[in-house]
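Chemist: One structure follows; several queries about it will come next.
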Amino acid sequence: MENIQTAKMVERYCALAIGILFLLLGLAGFTPALVSLPGTSQSFISLDESPNTYAAGFGYIFGLFPTNFLHNLVRCAVGLLGIASYTSATSARLFNRVFAVAYLVLAIMGLLPFAKTFFGFMPLFGNNVLVNALSAIAAAYYGIVMPSKVMGVNVSQNL
């Protein structure tokens, strides 16, 4: 019984950690001092100067993670969902499972030349691939693999 309760808490903390990470990355993308364009003195492309949706707010968070306005909104929304799912073990497990699948797909899309900009909406390339893949692996382990181990069943039986 203690193992089950511990596993549920770990699932909840995983959802909370992912939520906080993505919320902070999303908020950092809205902070001009933390976003830069490589090779220029300009911090980011402002909304009124952008020629299209993709260029709106385009820049690199901490000089590492490509982002734009829509990507910042998505990160904030995912972060808030992760934090909200911390309230119960069931919602945390659901969040971890959906997050794992969705962000694994986004990491793969970031590697494909025709989909690395999410078809012209937001950047998925560069270090975003690494962040998306690592967070998806963590969510998959804590949302799918670990509960199966605790219950003593096969992973395919726990889906």
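Every read-out reported here was derived from the displayed coordinates using simple, explicitly stated rules and does not represent laboratory data. Because the structure is predicted, anything quoted here is derived from the model rather than measured. Cβ atoms come from the backbone with ideal geometry, glycine included; neighbour counts cover every protein chain shown.
Chemist: Set Lys and Arg Cβ to +1 and Asp and Glu Cβ to -1, take the dipole of the stretch 1-117 about its Cα centre, and tell me which of Thr87, Phe22, Gln5 lies farthest positive.
Modeler: Ranked along the dipole, the leading option is Gln5.
Chemist: For Leu134 and Leu47, calculate 0.36 nm times their separation in residues minus their Cα-Cα distance, and state this gained length in nm to one decimal. Working shown, then result.
Modeler: Working: separation 87, 0.36 × 87 = 31.32 nm, distance 3.07 nm.
Length difference between fully extended and current span is 28.3 nm.
Chemist: Continuing with the same structure: Suppose each label sits 7 Å from its Cα in the direction of the beta carbon; what would the Thr87-Tyr141 distance come out to in nanometres?
Modeler: 2.9
Chemist: Which three extents, in angstrom, do the Cα atoms of the stretch 25-93 have along their principal axes, listed largest first?
Modeler: 46, 22, 14
Chemist: What fraction, in whole percent, of alpha-carbon pairs in the stretch 95-159 exceed 13 Å separation?
Modeler: Counting every Cα pair in the stretch 95-159, those more than 13 Å apart make up 62 percent.
Chemist: Nearest 10 degrees, 0 to 90: what angle lies between the long axis of helix 69-85 and the longest principal axis of the chain (Cα atoms)?
Modeler: Between the helix axis and the principal axis of the chain, the angle is about 20 degrees.
Chemist: With a cut-off of at most 14 other beta carbons within 10 Å, and DSSP calling the residue loop, which chymotrypsin sites (Phe, Trp or Tyr not before Pro) in the stretch 31-120 qualify? Please list them.
Modeler: For chymotrypsin sites (Phe, Trp or Tyr not before Pro) across the stretch 31-120 that sit outside H, G, I, E and B with at most 14 neighbouring Cβ atoms in 10 Å, the list reads Phe62, Phe114, Phe119.
Chemist: Hey, got the dipole for the stretch 1-103? About the Cα centre, +1 on K and R Cβ, -1 on D and E Cβ, debye to the nearest 20?
Modeler: In debye, rounded to 20, the stretch 1-103 gives about 340.
Chemist: Where does the Debye-calculated log10 I(q)/I(0) of the stretch 7-61 sit at q = 0.23, 0.24, 0.27 Å⁻¹, using only Cα point scatterers of equal weight, no solvent?
Modeler: Computed log10 I(q)/I(0) values: -0.84, -0.88, -1.00.
Chemist: How big is the chain along each principal axis, measuring the range of its Cα positions in Å and listing the largest first?
Modeler: On the principal axes, the chain reaches 57, 29, 21 Å in Cα extent.
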